[in-house]
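Notes to accompany the following structure.
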């Protein structure tokens with residue numbers, strides 16, 4: 001297992017300065033993470049700085065509440081692709097899902113998938129607001145709309161990834177999509193628990209700590 005290649009190294013706050021993005025990019029290069037996940041304004045800059053590496057650029061769509069009109073999310077995704085985004089993490093319309101407007105949720109996701117033109121699309125369910133039944137329904141709609149991943153959280157909700165939610169999501173999507181655990185995954189033990197539950201991608205701003213602690217555990221011949 002290449003844990004570093006399962007990490008989306010993330011910096012998505014509202015007050016992120018260029019220096020913090022530079023640090024994020026430098027760390028991603030050093031530890032060879034799967035991607036950096038940044039707000040749309042940083043996509044073209046990150047793409048340029050990561051040239052000649054295999055670190056991808058991931059960005060967010062409809063972030064953080066998912067309440068943008070679906071046409072706006074489609075346009076935002078198109079612009080992100082133009083700027084160089086390799087992966088798109090979109091937030092669903094939680095209200096529509098909870099209101100059983102599954103057609104809206106499908107069109108919302110499909111619009112971003114279409115705009116992505118084959119790029120990896122991860123659908124953020126924001127599980128902290130959903131019942132188990134709603135999580136299952138959201139996962140099924142995401143698969144039907146052609147999404148590549150379902151994702152637990154934005155990291156801005158009332159709580160982030162939980163093992164039971166990751167298991168439920170994986171049991172629902174099976175081999176039709178992958179699961180990304182995001183929100184509150186801060187340590188190597190946290191990351192390993194999410195992977196054992198079925199996640200194949202981890203979204204975290206603590207990637208360096210996670211990988212460093214993994215290396216320390218391996219150095220001490222501890223098996224997990």
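Does residue 161 satisfy being touching a strand residue (DSSP E or B) at 6+ places or on another chain (Cβ under 7 Å) and part of a loop (DSSP other than H, G, I, E, B)? Yes; evaluated as a whole, the condition is true for this residue. Among the numbered conditions (1) touching a helix residue (DSSP H, G or I) at 6+ places or on another chain (Cβ under 9 Å); (2) crowded, with 20+ Cβ neighbours inside 10 Å, the only one that residue 104 does not meet is (2).
Just wondering, is there one or more residues in the stretch 95-117 that are under 16 Å from the mean Cα position of the chain (by Cα), modelled with pLDDT of 95 or more and more than 24 Å from residue 13 (Cα to Cα)? Yes - at least one qualifying residue is present in the stretch 95-117. All of (1) under 16 Å from residue 156 (Cβ atoms); (2) in contact with a helix residue (DSSP H, G or I) (Cβ under 8 Å, 6 or more places away or on another chain); (3) crowded, with 24+ Cβ neighbours inside 10 Å hold for residue 33 with one exception: (1). Scanning the stretch 69-107 for residues being touching a strand residue (DSSP E or B) at 6+ places or on another chain (Cβ under 8 Å) and more than 16 Å from residue 44 (Cα to Cα) gives a total of 5.
Just to be sure before I move on: is residue 33 farther than 24 Å from residue 212 by Cα and modelled with pLDDT of 95 or more in the structure I sent? No: the conditions fail for residue 33.
Before we move on, is residue 81 outside any loop (DSSP other than H, G, I, E, B) and crowded, with 23+ Cβ neighbours inside 10 Å? Criteria not met by residue 81. Filtering the stretch 178-190 to residues that are crowded, with 24+ Cβ neighbours inside 10 Å and either over 14 Å from the mean Cα position of the chain (by Cα) or farther than 14 Å from residue 162 by Cα (or both) leaves nothing.
Of all the residues in the stretch 6-23, those that are assigned to a loop (DSSP other than H, G, I, E, B) and surrounded by fewer than 19 Cβ atoms within 10 Å (Cβ to Cβ) number 5.
The values are calculated or read from the model by the stated rules, or taken from the named source; none is laboratory data. Keep in mind it's a predicted model, so treat the numbers as computed, not measured. All Cβ positions, glycine included, derive from the backbone under ideal geometry; neighbour counts span all protein chains shown.
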